[in-house]
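Chemist: Below is the structure I would like to discuss, written out as structure tokens.
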Amino acid sequence: VAPPKPRVLFVLGGPGAGKGTQCTNICTRFPHWSHISAGDCLRAERNDPQSKDGELINSYLKEGKIVPVEITVRLLEKAMQKDMAQGKTDFLIDGFPRNLDNVTGWEQVIGDRADVLGVLFFEATETEMEKRLLGRSATSGRVDDNLESIRKRFRTYEKETMPIVEKYKKQRMVFTVDGMQSVDEVWSHTLTKLREVEA
Ligand code: UP5
Ligand code: MG
């Protein structure tokens, strides 16, 4: 028999909105979910001395720009295959798709091989997100957790990613979570939305 088609929930929201934190919560509570952060995949690839894309990725990250989709979607596919071999069926694809190019690239490379359930969308103000990211900057080691890069990430998010969220909203595929509350409160709201997704 054919293995079940993987199910995918895209996870979007501004830089520091809490995507990673809540994806971790989901996977702890529900082990059939696998968390694949596009940003983490890119940072791992950037750190791999064998990679030919390391320098390019690093400069995009620092500038808050969106890496060419050929690179990103290849890493996502590889990560999904690895987790499917471990029995995972459902995937939180965190921080992707960030622009139209990402959407098209996903369609071309993955297309019908996965069922996209929708977008889990974390909403928070720039003031709050900036505060969180600056708070994290002392310990994160991320090349983009400095005020200059953070502001660039906000601009890219507004110009390129918000239109993608709007596009999915028109298709009634967006499950919005208020990301402004405490981690615990956002978690409880996330659970409610996840039940709607899985209904
Ligand atoms: N925190 C979390 N929730 C909180 C809450 N409710 N109250 C108070 N504090 C809260 O959280 C960020 C910080 O806030 C943490 O310190 C956390 O404890 C605290 P986190 O859960 O990490 O938020 P997240 O939304 O995941 O923030 P992140 O910084 O990861 O968001 P980005 O979207 O900026 O980062 P990402 O890794 O997705 O992408 C980085 C870069 O990679 C992009 O800018 C881009 O250059 C590149 N990229 C691509 O090119 N293509 C892709 O497809 C993906 C990424
Ligand atoms: Mg993250």
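The values are calculated or read from the model by the stated rules, or taken from the named source; none is laboratory data. Everything quoted here is computed from the prediction, not taken from an experiment. Virtual Cβ from ideal backbone geometry, glycine too; neighbours counted across all protein chains shown.
Chemist: Tell me whether the range 141-160 contains one or more residues that are more than 13 Å from ligand 1 (Cβ to nearest atom), under 18 Å from the mean Cα position of the chain (by Cα) and under 22 Å from residue 70 (Cα atoms).
Modeler: No, that holds for no residue.
Chemist: Give the residue, chosen from 136, 74, 98, that is surrounded by fewer than 17 Cβ atoms within 10 Å (Cβ to Cβ) and in contact (Cβ under 8 Å) with a residue 40 or more places away in the chain.
Modeler: Within the list 136, 74, 98, the selection yields 136.
Chemist: Which ranges mark the helices (runs of 4 or more DSSP H) fully within the range 1-73 that have 2 or more residues being aliphatic (A, V, I, L, M)?
Modeler: Filter on the range 1-73 gives 38-47, 54-63.
Chemist: Report yes if some residue within the range 86-99 is of a type in the set (D, E, K, R), within 8 Å of ligand 1 (Cβ to nearest atom) and in contact with a helix residue (DSSP H, G or I) (Cβ under 7 Å, 6 or more places away or on another chain); otherwise report no.
Modeler: Yes: the range 86-99 contains one or more residues that are of a type in the set (D, E, K, R), within 8 Å of ligand 1 (Cβ to nearest atom) and in contact with a helix residue (DSSP H, G or I) (Cβ under 7 Å, 6 or more places away or on another chain).
Chemist: I would also like to ask the following. Of all residues in the range 1-30, how many are over 20 Å from residue 111 (Cβ atoms) and modelled with pLDDT under 95?
Modeler: 1
Chemist: Tell me yes or no: at least one residue of the range 46-63 is modelled with pLDDT under 95, under 30 Å from residue 183 (Cα atoms) and more than 12 Å from the chain's Cα centre (by Cα).
Modeler: No: the range 46-63 contains no residue that is modelled with pLDDT under 95, under 30 Å from residue 183 (Cα atoms) and more than 12 Å from the chain's Cα centre (by Cα).
Chemist: While we're looking at this one, here's another question. Considering only residues of the range 28-40 that are crowded, with 17+ Cβ neighbours inside 10 Å and not aliphatic (A, V, I, L, M), which is farthest from residue 67 (Cα to Cα)?
Modeler: That would be 33.
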